[in-house]
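**Student:** Have a look at this one before I ask anything.
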Amino acid sequence: MILILFSVGIFSTTHAQLYMTAAGLRMGTDWGFTIQQRVMDKATIELIIQNSLNREEGLATILYEHHNPLITKGLNFYYGGGLHAGWNNEPAEKMIDNPFGITGIVGAEFTLARFNFSYDFKPALNLSGGEKNIYAQSGVSIRYAVLKNKVWKDIQKEKKKRKKEEVKAQRREERGKEWWEVWKKKKNG
């Protein structure tokens, strides 16, 4: 009975609570900061800046992620990939180049009110530099929805309205009269 009530509560609160921009902390094999920006209906761009607990280096990663709703719009499975570049904190005598390579990601996220919780696995392949050739990273991210979906939709609606008014004004100017002035003849220049 408790599971049923919990499920009903989740479905009723998460269905309409999506985000456009969310930022927060990522904790796991590496710790850092994450920010996600929705760029299409089911796609986000994520920037992760992290420092390793196991290695003397940090990474900045940019990822394109495709989201698929699982049971409800608030619960998503996502996957994607991108590039990473890093910096070494090793002493100069170790002569390790800064890492650069490609990164994949697969994970799940859950959005509740303005909070977004996710768990992911993020393998990285260094094409140059770094302490290792391959990193197997995983982490939990907790983000706050800075810009909710409704705010974004309102902004887009306002832009469409302004564009429509501009088109109407341009058509009136081309015709040389208002729409209700149908009896006037067009002026010849």
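The values are calculated or read from the model by the stated rules, or taken from the named source; none is laboratory data. If you're wondering where the values come from, they're calculated on a predicted model, not measured in any experiment. For neighbour counting, all protein chains shown are included, and Cβ atoms are generated from backbone atoms with ideal geometry for every residue, glycine included.
**Student:** With the requirement that a residue be at pLDDT 90 or above and of a type outside the set (S, T, N, Q), what does the stretch 60-74 give you?
**Tutor:** Within the stretch 60-74, ALA60, ILE62, LEU63, TYR64, GLU65, HIS66, HIS67 qualify.
**Student:** Just the residues that are in contact with a Leu (Cβ under 6 Å, 6 or more places away or on another chain), of a type in the set (A, V, I, L, M, F, W, C) and at pLDDT 95 or above, please, taken from the stretch 101-113.
**Tutor:** Let us first name the residues in the stretch 101-113 that are in contact with a Leu (Cβ under 6 Å, 6 or more places away or on another chain), namely 101-102, 105, 110.
Next, from what is left, pick out any that are of a type in the set (A, V, I, L, M, F, W, C): 102, 105, 110.
The answer is ILE102, ILE105.
**Student:** Right, another one. Cβ contacts < 8 Å: first residue more than 18 Å from ALA108 (Cβ to Cβ) and in contact (Cβ under 8 Å) with a residue 40 or more places away in the chain, restricted to the stretch 57-74; second residue of a type in the set (Gly, Ala, Ser) and assigned to a loop (DSSP other than H, G, I, E, B), any location; separation 6+ or different chain. Result?
**Tutor:** Sorted first by the residue in the stretch 57-74, then by its partner, the pairs are GLU57/GLY130.
**Student:** How many residues, within the stretch 77-114, are acidic (Asp, Glu) and in contact with a Gly (Cβ under 6 Å, 6 or more places away or on another chain)?
**Tutor:** First, pick out the residues of the stretch 77-114 that are acidic (Asp, Glu): 90, 93, 97, 109.
Next cut, in contact with a Gly (Cβ under 6 Å, 6 or more places away or on another chain) only: 97.
Within the stretch 77-114, residues that are acidic (Asp, Glu) and in contact with a Gly (Cβ under 6 Å, 6 or more places away or on another chain) number 1.
**Student:** If you take the residues of the stretch 114-167 that are of a type in the set (S, T, N, Q) and modelled with pLDDT under 85, which of them is farthest from ALA60 (Cα to Cα)? Write out each step before concluding.
**Tutor:** Of the stretch 114-167, the ones of a type in the set (S, T, N, Q) are 116, 118, 126, 128, 133, 137-138, 141, 149, 156.
Imposing the further condition that a residue be modelled with pLDDT under 85 reduces the set to 149, 156.
Working: ASN149: 26, GLN156: 31 Å.
Top of the filtered list is GLN156.
**Student:** Of the numbered conditions (1) exposed (fewer than 15 other Cβ atoms within 10 Å of the Cβ); (2) farther than 16 Å from GLY28 by Cα, PHE117 satisfies every one except a single condition; which is it?
**Tutor:** That leaves (2) as the condition not met.
**Student:** So, one more: Which residue, of GLU90, GLU57, is under 18 Å from ASN133 (Cβ atoms), surrounded by 14 or more Cβ atoms within 10 Å (Cβ to Cβ), acidic (Asp, Glu) and at pLDDT below 95? Even if it seems obvious, please write down each step before you answer.
**Tutor:** Values: GLU90 fails: surrounded by 14 or more Cβ atoms within 10 Å (Cβ to Cβ).
Testing whether each residue is under 18 Å from ASN133 (Cβ atoms), surrounded by 14 or more Cβ atoms within 10 Å (Cβ to Cβ), acidic (Asp, Glu) and at pLDDT below 95 leaves just GLU57.
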